[in-house]
Amino acid sequence: MLSLRSHQTRFYVDPLARLVLAGDDIDGLPIEIGIDFRNGRDSVAHLLSIGDGENEKPVFTPTALKKICFVESGIVFLTDSPTLELKKVKTLGALRNLLGARLTFDDGAHWSVLLRGSDGGLTLLSHSKDCDGLMSFTTLQSPFEANRSGADLDDLKDKKVGVVGLGSLGSKIAVSLARSGVRQFELVDGDVLHMGNLERHDGDWRDVGRHKADIAANRLRLLHRDMELGVWKSAIGAQVSSQEAANVYQVLASCDLIIDATANPDVFNHLADLSLRCNRSLIWGAVFAGGMGGEMARAQFAKDPSPYDIRAVVNQYYETSAETPPIALGRGYDGSVGEATPMQASDADVSVFAAHIAAFALDSLTGVEPSNYDAHAYLVGLKRGWLFNGPFDARPIVVDAPVRQAFSAGVETAVESEFIRSLFEGAKGEASDTESND
């Protein structure tokens, strides 16, 4: 890789594109090239698509790259010249001499050509409007590598996860699950990102002022091409329309796992009720004040007791402490719902605990037997204080209560409607702003 240090323009070829571009049926196929100029002259080009209609070929590159790249149309050409000769093509005139009548692009437009040499090497050239010079890219081919996460992707690709609360904790959990192989999410958060959130949130300055649910969705779309996302700029417990409440309820009810990352007791009660009525597994967690550690718990359908039973035992555990537990006094970890100031914790504290909860969730989604977790809830210390003797001091909590059973499928419509109304109290509000990415 040291040889790349002096090359400021690079063409990155993903593994699927490598296989496609090695084929004999690509000559003359249209392509889309996305050039990322974020670092000025140090730019990277990506193959966004190759072929069209029935001739469209697969690539790994996420289509979401189009939003952050300069996109050019182009064509693939097979040549009889070796790659070393193709690298000498620096001008439009030289390219016309090479391709002759095959090059039909207008000089007054932006376009790209991808040349494959007789030795199989790839050379990407980009033409700027009314310019004789061509931008040449050094090709960087992705290695063919196995899955690095260790997770069984076949167990995860069909699972859907609902994440409620896309603040500092929830945003990191969602990204971690996506990196591990989860491809379907319902994202619920009505809050926007403020400058102060940058101390811990997964977003950056480009995201300030945007809805946290949108920020998370954009991050996930850039991680994999096949993400399927529902984005709900809504807050459980806020005043919204009954239709919006019903929509959010229905999409969360369709999830295999619901994660409550709000640290809001009211939201927990709503989601616990939803998980029981819809026979869905629920995980919840929060970071303690001062980055002391955190709490995580889960109530899996047909495996664990009710989330209310688990929550009650955790609360009883808190009450046994002679010191005041370092838990949120208000409603909402980021101080966005009824809390004057956010709880104090560093990005490192939040990141560590987000990783714990993501691993907890993966254990549930893959149905590992026996589970890697023997307890229903854990209090995990990140530093010395309160109950903890120091970092990595974990206190497992096992709940001695009956395993939750399936809720009756014959619930009366009136009862169901009343439950939906209770989720989002307040009869009036803006219509839900949602989107789906198939």
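Since every read-out is calculated from the coordinates, none of them should be taken as a lab result. It should be emphasised that the depicted structure is a prediction, and the values quoted were computed from it without experimental measurement. For neighbour counting, all protein chains shown are included, and Cβ atoms are generated from backbone atoms with ideal geometry for every residue, glycine included.
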Rank the residues GLU295, GLU54, GLU228 as a footprinting-exposure proxy: fewest other Cβ atoms within 10 Å of their Cβ go first.
GLU54, GLU228, GLU295
Residues with amide H under 5 Å from that of CYS69, placed H, sequence gap 5 or more:
none
Hey, rough spin-label estimate for ALA101 and TYR317, points 7 angstrom out along Cα→Cβ, what's it come to in nanometres?
7.8
Using a Förster radius of 41 Å, what is the FRET efficiency between ASP393 and ALA22 based on their Cβ-Cβ separation? Nearest 0.05, please.
0.15
Whole-Å distance, taken between Cα centres, linking the stretch 111-139 and the stretch 251-294:
51
Under the 0.36 nm per residue contour assumption, what length would be gained going from the current alpha-carbon distance of CYS131 and GLN8 to full extension?
42.3 nm
How much space per residue, in cubic angstrom, does the convex hull of the C-alpha atoms of the stretch 61-203 take up?
191
Using each residue's phi in the stretch 103-118, evaluate 6.51 cos²θ - 1.76 cosθ + 1.60 at θ = phi - 60° and report the 3J(HN,Hα) Karplus result to the nearest Hz, with x for Gly and Pro.
8, 10, 5, 7, 5, x, 9, 8, 7, 10, 10, 10, 9, 10, x, 5
Averaged over all directions, how much area does the convex hull of the C-alpha atoms of the stretch 223-262 cover when projected, in nm²?
3.8
Using every pair of alpha-carbon atoms in the stretch 358-412, split the distances into 5 Å bins beginning at 0 and state the percent of pairs per bin, rounded to integers.
4, 15, 15, 18, 18, 12, 10, 3, 3, 2, 0
Per-residue counts of other Cβ atoms within 10 Å, averaged by peptide: what ranking do you get for 255-266, 352-363, highest first?
255-266, 352-363
One finds, for LEU198 and GLU228 with R0 = 35 angstrom and r their Cβ-Cβ distance, a FRET efficiency to the nearest 0.05 of 0.80
Per 10 Å bin, what percent of the C-alpha pairs of the stretch 127-284 does each bin hold, from zero upward?
10, 35, 29, 14, 7, 4, 1
Ordering 27-38, 78-89 by per-residue average of other C-beta atoms within 10 angstrom, highest first, gives 27-38, 78-89
Treating only Lys and Arg (+1) and Asp and Glu (-1) as charged, each at its beta carbon, one finds that the stretch 84-126 has a dipole about its Cα centre, in Debye to the nearest 20, of 100
Total charge dipole magnitude, the stretch 148-243, about the Cα centre, Cβ charges on Lys, Arg, Asp, Glu only, Debye to nearest 20
180
Given just the C-alpha atoms of the stretch 9-141, how large is their convex hull per residue in cubic angstrom?
107
Rounding to the nearest 20 debye, state how big the charge dipole of the stretch 153-423 is about its Cα centre with +1 on each Lys and Arg Cβ and -1 on each Asp and Glu Cβ.
440
Using θ = phi - 60° and the Karplus form 6.51 cos²θ - 1.76 cosθ + 1.60, what ³J(HN,Hα) does each residue of the stretch 312-321 get, whole Hz, x for Gly and Pro?
5, 5, 4, 5, 5, 5, 4, 5, 6, 7
Enumerate the calculated ³J(HN,Hα) couplings along the stretch 378-385 in order (Karplus 6.51 cos²θ - 1.76 cosθ + 1.60, θ = phi - 60°), each rounded to whole Hz, writing x wherever the residue is Gly or Pro.
9, 9, 10, x, 10, 7, 6, x
Cα-based Rg (one decimal) and Dmax (whole number) for the stretch 153-423, in Å?
17.6, 51
Taking 22 Å as R0, compute the FRET efficiency from the Cβ-Cβ separation of LYS67 and LYS157 and round it to 0.05.
0.35
Tell me which residues come under 5 Å, amide H to amide H, from GLY385 once H is placed; ignore anything under 5 positions away on its chain.
GLY390
